[in-house]
Structure formats: structure tokens, C-alpha cells
1. Pairs to check: 22/239; 224/551; 148/268. Give those whose C-alpha atoms are more than 25 Å from each other in this structure.
2. Peptides 535-543, 195-203: what's the order by average Cβ count within 10 Å, highest mean first?
3. With a ≥ b ≥ c taken as the square roots of the eigenvalues of the C-alpha gyration tensor of the chain, please select rounded if a/c is under 1.5 and otherwise prolate if a/b is larger than b/c or oblate if it is not?
4. Sequence-distant or interchain residues sharing an amide H contact under 5 Å with residue 320, placed H: which?
5. Could you give the angle, 0 to 90 degrees to the nearest 10, between helix 333-347's Cα long axis and the longest principal axis of the Cα atoms of the chain?
6. Give me the dipole magnitude in Debye, nearest 20, for region 426-498 about the Cα centre, with unit charges on the beta carbon: positive for Lys and Arg, negative for Asp and Glu.
7. Would you work out the relative contact order for the chain, in percent, from Cα pairs under 8 angstrom that are 6 or more residues apart?
8. Can you tell me what share of the DSSP beta bridges in the chain is antiparallel? A percent to the nearest 5 is fine.
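The values are calculated or read from the model by the stated rules, or taken from the named source; none is laboratory data. Since the model is a prediction, treat every value here as computed from it, not as a measurement. Because the Cβ atoms are built from the backbone with ideal geometry, glycine has one as well, and the counts that use them run over all protein chains shown. Please note that ligands, DNA and RNA were not included when accessible areas were found on the heavy atoms of the full protein model with its side chains. Shrake-Rupley method; radii C 1.70, N 1.55, O 1.52, S 1.80 Å.
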Amino acid sequence: MDSDYGLPRELSDLQKARSAYKPELPPCLQGTAVRVEYGDTSSAVDASGAHTICRTFPHTYGQPLVHFLRATAKVPDAQIITDHPAMRVGVVFCGRQSPGGHNVIWGLQNALKIHNPSSTLLGFLGGSEGLFAQKTLEITDEILSTYKNQGGYDMLGRTKDQIRTTEQVKAALATCTALKLDGLVIIGGVTSNTDAAQLAETFAEAKCPTKVVGVPVTLNGDLKNQFVETNVGFDTICKVNSQLISNVCTDALSAEKYYYFIRLMGRKASHVALECTLQSHPNMVILGEEVAASKLTLFDLTKQICDAVQARAEKDKYHGVILLPEGLIESIPEVYALLQEIHSLLMQGVSVDKISSQLSPWASALFEFLPPFIRKQLLLFPESDDSAQLSQIETEKLLAHLVEVEMNKRLKEGTYKGKKFNAICHFFGYQARGSLPSKFDCDYAYVLGHICYHILAARLNGYLATVTNLKNPVNKWRCGAAPITAMMTVKRYGHGPGALSIGKPSLHPATVDLNGKVYDLLRQNATKFLMEDVYRNPGPLQFDGPGSDAKPLTLCVEDQDYMGRIKELQGYLDKVRTIVKPGCSQEVLKAALSAMASVTDILSVMSSPSHVGNTPF
């Protein structure tokens, strides 16, 4: 092993207390016997792309949903897995570190040893690069002792590289074959679990016995769908950031002379910014989804903020706090188009110092309009997924600069008669993601680790470990697994008039639903937040006492429990079969036929691609 990984850490008194905390397990995972119920075969959420997904994943598409139940559950078709041979399982961190990742490994290792002490868990060192190079560390209780309930990914290290090229997939297959792995657990977000699905399909086609399982761990909170309510790490990230934001709000209210522009993590989606807003009540938040939906320009955003500053000044308020996600810059139509031109030229090998001279006239005009520091940041080489290096683009400074210019202009023209505008900028990007995980994330990650074992014990391949009903106490959580292919969609991209090309099936980041309950709650309070300074301080992250059991507000408001509702529906269907049997009365049969015909018609319309409207163009 590399000397940098798996070494005991010097722990503070608080860290020692946290390492002693034993996460709770739902009743269905307690003990050594778990009942497995196989539900109906799954379909793709993207009905219009189902054929493409099925064709791309012939071995892993259409697999059933799986529910894990307590051994005493009276479910006739469920089965208890009694054979628990020794397993060899590999685990790898992919993507950016997220609080709670170590607990997934702890939960998996604990479940392996409970069911067969001879089982082995191998951690790949350095993320996917370690997977390709067969660099492993055997995970033991001794190694885990200083990493339980701790932040970071430093026990094994991580990578943001994709497992996608033919060479990378072959290397992963070779490693799993050489190490005789029964399972490979991939811990990560949207990209990593898309790769997990592809690996599962490739392994199945190659008749490799290794089963691939994914775990939803990402700080952006954007791996959300009907099966996944939230991601490991999101709660911690938002709680830590909310305290920082609240501290800044208190400072703003005390000094009464500064506007704070705070940029938060969130690349394709603004979930972190939205959750932190609901927790800390800053004066304003600008969501990337709002900007994209309304096609707001830089001028529109500047005017919107300036009008808010002026409205507050009329009430003798010259301070405020404004939040924005790091992905906001790509949501602004003209800036996104400019980035596309820049990236195209960079990919063609055009040197940075010659980019500006080769831009189209409108793009060149916009580029020259922007302040020099932003121009330099826009010229950074794009990430592997072709997005800009968002963490390096200081959008908060750009907006603060544009607002200051406009407010000075209004002051000079006499349309604004208040005090001079003063801005202070912050980027809360790395301050939270290495935090000790919250109690919720500790429990959630540990439970997901246990579920990974049961997925592998059931010899399932291409599944994501899931827990629903998360807003309730742990003893009410529903544990299961869903095929990753059931969560995929197929994006379609236009290339010229009337031309459409179909992209690859993938998991795509779930954006903030502008028609959802959480966004509606924000809009209901937007005016009050803006004008009344109702700042709220949730305080430091709590592990015991008041606040320790708090869940993400967005999780509680959304109230999904999809898996629970699937089971509830199954219960009603079973009742219908019980009531409407051969020999029932004509009246009962007629009523059942009429009701079922009506329900079928309604559901057929609702599930058609044109009605669902979930395929982006």
C-alpha cells in the first residue's frame, strides 16, 4: 500500500467522541437475517428514451426493484438469503469528497464481517486510478478506527476521473478478474454512477462474476430522482455553510454598511444555495435554474440586484447578503454562449493569448466588456465534461463589480440618493466538504453501506443502494435497491435546423424544480427575506441535543417516499385481485372494469412522453 493512505490519524477530543458513535440501523437490517422482496420489473423514467436505454444496456435494463424487509415480515413472495459464503469486495471513491463517505465503507465492512468473518474488503487507493492499477488496501477494524464518522476521503484518496474509455473499462475488468472480486462498490455522484452502470453492463456481457453497485454520495445534492431522496454529504455541507452564512448575516446587520456576495458549491444545480437560503434566510438568492428558465442576461441580473439595493436603501438599509451557486455563470445565456466559443477554440489548440481575436463579433464585444479578472478565468481550460472550471470563476466578484458600477451611475444621475454601495465577496467552496459529517449523514451512509452488502448477497448487478422515507426517524426508513438504468434519461441535442441527435443514456443532474414545493416555499418568503432581515442562525453543526436530529428542509418539504408508495399501490392492486375473483357478482365486476378503464386511460396520458415533458432538448 502507499504510505499516505490508511494511516491512523491524531484525533481531537471531539473526533474521538464522534468515532465512538455507532450509527443506528433500521429494523430490516438488524441481525443476520434479511428478507428480500423483488418487485415489478423497472422501466426508464424517460419513456421516450426507453428503447435507447434498453438497447444500450441489454443485460441490466428492466431489472426488478428490490425491497429489504425484516426477517419476520409477512410477505409471501419474499425470500431470506441463508447462504453467506465469504466474499471479496472492492470499494472505490470517485468524484469529489463528500462528508460521510467513510461511513459507507464502515457499514459495508461491518455487514460483510457480521455475515461471514472470512470476507475481505479491499479499498482502491487513489480512486479510479488505483482501480486501474490494482493498488489496494485491505480494510480492517484497526484501519477504520480513526475514520469512523470522520470527514474527507483520505483513508483511500479519490479521483474525479471517469471510468469511461475502452482502456479504462478494460483495466477495471482486468482488476476485478485478477483480484477475484465478488463485488465492486462505487461511491460517487451522477457521473460516477453512470460509469457504474456501464461497468455493470460490460461485466455482465463479459460474464465476469463481479457485481457492480453504486452509492449516492455527492455534496451537490443533484443525484435525485424517484428512488433517491437526497445524497450523503448534502446535509452536512448545507448545515456548515448555513452557519457561515448566518454569521455573515449577523455581521452585515451589525455593521450596516456592507453587501456580502457569497458563492456556494453547486455546478449544474442550485440545491445547496436553495437549502442554505431556507436555513439561514439571507436577503436574496439567485438560482441558476431561475436564470436559465427566464433567460436572464447579465444586465437583467445587475438591474435586479440594484433595484433590490435601492428598495432597501429607501428603508434606510445599506447592508445585505446575497447567495449564488457556482454554476450560475453557465446559466446566463450570453456568457454560456461565450464559454462555448472559447472552449471550442481551446480544443482546436488556439493559444490563450489569441482567443479574443478569433471570437465572433458579439462574443468579442461581451468578452471585452467583462472585467480583466473574469476574462482570465473564462480562458481556463474546461473540465473533462466540457464545463467551465466553475470553482475558479469568481461570479460573485463579477456581479458585485457590475452592481457597484450601476449604483455609482444611479448616484451620479440622481436616481439613487442613498449611501455609497460597498461589497464584500466570499466563496464557500472547500470550507464545508471536509467537515465532520452530521448525525444524519453518519447514519445514512452507514445504512447504505449495509445495503450494498445485501445487494451483493442477492447477486444483483447494476443497482444503486437506496433509502426512502428519510424525513422520518431511522426505524421508519425503507431500504432497497433500484437498477441504475431506471434512473437514466437520454438527452437530445439540436445541431442545425430540424436536426436532432440522440445522446448516450446517462444519469443527469437533477435541477431545482421551479414547479415544486420547495421553490414555492422560497417564493412565498422572498419578499420578507429581502426587506425584513429575518436572518436565522442554525448554529454550529450539532451531534447531540437540540438540532442534532434536524434533516435538510428540502428533504422534509418534498416528502417523496417513492418506494413506500410503490408498495402501497401494490397493496391496493392485491386487494382488487382478492375482491374481483371469478365468481364475484356482475355489479362488482362491472364496477372494477369501469374504474380500471378510467384509471388506465388517465395514466396512459400522464405517462406519455409529450405529457411528462422530462426529455430536455
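1. The answer is 148/268.
2. 195-203, 535-543
3. The shape class here is prolate.
4. Distant-sequence amide H within range of residue 320: 258, 259, 260.
5. 70 degrees
6. 180 debye
7. In percent, rounded to a whole number, it is 20.
8. Restricted to the chain, the bridges split so that about 45 percent are antiparallel.
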